[in-house]
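Asks: Quick one: structure below, then a few questions.
The values are calculated or read from the model by the stated rules, or taken from the named source; none is laboratory data. This is a predicted model, so every value here is computed, not measured. A quick note on method: Cβ atoms are made from the backbone with ideal geometry, for glycine too, and the neighbour counts reach across all protein chains shown.
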Amino acid sequence: MQAKRPLLHSGNGKRELKQSSTSRVAEGARASARKAVARTAKGTKLLPELRTLIAQARDSVAREVNSALVHLYWQIGLRIRNDILAQRRAEYGGQIVAALGRQLEAEFGRGFGEKNLHRMVQFAEAFPDKEIVAALRRQLGWTHFRALLPIQDATKRAFYAEMCRVESWSTSLTELPPKRILQQRLNTAIARARVSLKHQEGQAKDGQSK
C-alpha cells in the first residue's frame with residue numbers, strides 16, 4: 001500500500017496563499033478606483049471642458065499656422081514681383097521663376113513649385129497693401145485668397161474678401177454674384193424679423209389674457 005501524501009501545511013504554502021489573496025484584493029481595489037474615477041469624470045463638467053480646451057488650442061494653432069503661411073506667400077510673391085518681374089526683366093523673368101520653382105520644390109515640396117510661385121505673385125498684385133493683408137489673414141485662409149484671385153474687378157474682390165472676413169463665408173460662396181448674395185441675406189433678415197415679430201405678438205396676447 002502506498003503511503004498517503006501528507007497535506008501541505010508548510011510556511012511557504014501559507015505565504016503563497018496570503019500573497020495570492022492580497023493580490024486579488026489589490027486588483028479589485030484598483031478596478032473599483034478606476035470605475036469611480038470614470039464615473040466622476042462623466043458626472044462632472046471636467047471632461048467636456050477639457051475637450052473644449054483641447055479643441056480650442058488646436059484651432060488656435062491651425063489659425064496661427066495658416067496666417068503665417070499667408071504672410072509668407074504674400075512676401076514671396078512681392079519679392080518675385082519686385083525683384084524679377086517688375087525690374088525690366090520680363091523677357092526672361094518667366095525662366096527665372098521656373099528655375100526658382102524647381103529649386104524650392106526640391107527643397108520644400110510641391111507647394112513652392114513654379115505654378116504656386118506665379119499664384120503668389122498674383123496674390124501680391126491683387127492685394128498690394130500690407131496692412132489689408134495683415135487684417136484679412138487673421139480670418140481668411142490661403143484657400144480663400146486663392147478663390148479670390150481670379151476675380152478681376154478690384155471692388156468686387158474687396159467685397160468678397162470683407163464678407164469672408166466679417167461673415168466667415170466659405171470659399172464656395174465667392175462663386176455667387178454680389179447682388180444675389182445680398183438679396184439672399186436680405187431675405188433671410190426679413191424672414192427672421194417676421195418670426196421675431198410673431199413671437200412678440202404672441203407674448204403680448206398671452207400677457208393680456210392673464
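Asks: As an exercise: evaluate residue 44 against (1) of a type outside the set (Asp, Glu); (2) surrounded by 11 or more Cβ atoms within 10 Å (Cβ to Cβ); (3) modelled with pLDDT under 95 and give the number of the one condition it does not meet.
Replies: Single failed check for residue 44: (2).
Asks: Kindly indicate whether residue 13 is surrounded by 10 or more Cβ atoms within 10 Å (Cβ to Cβ) and modelled with pLDDT of 60 or more. Steps first, answer last, please.
Replies: Working: surrounded by 10 or more Cβ atoms within 10 Å (Cβ to Cβ): yes; modelled with pLDDT of 60 or more: no.
When the stated conditions are applied, residue 13 does not pass them.
Asks: Are there any pairs with C-beta distances below 7 angstrom linking a residue in the stretch 128-151 that is under 19 Å from residue 116 (Cβ atoms) to a residue that is at pLDDT 90 or above and basic (Lys, Arg), with the two at least 6 apart or on different chains, and if so which?
Replies: Note: pairs meeting the criteria are 146/119; 149/119.
Asks: Can you tell me how many residues in the stretch 94-128 are touching a Gly at 6+ places or on another chain (Cβ under 6 Å), farther than 18 Å from residue 82 by Cβ and among the small types (Gly, Ala, Ser)?
Replies: Qualifying residue count, the stretch 94-128: 1.
Asks: Also: With respect to the numbered conditions (1) more than 24 Å from residue 148 (Cβ to Cβ); (2) modelled with pLDDT of 95 or more, which one is the sole condition not fulfilled by residue 57?
Replies: Evaluating residue 57 over (1) more than 24 Å from residue 148 (Cβ to Cβ); (2) modelled with pLDDT of 95 or more leaves (2) as the failure.
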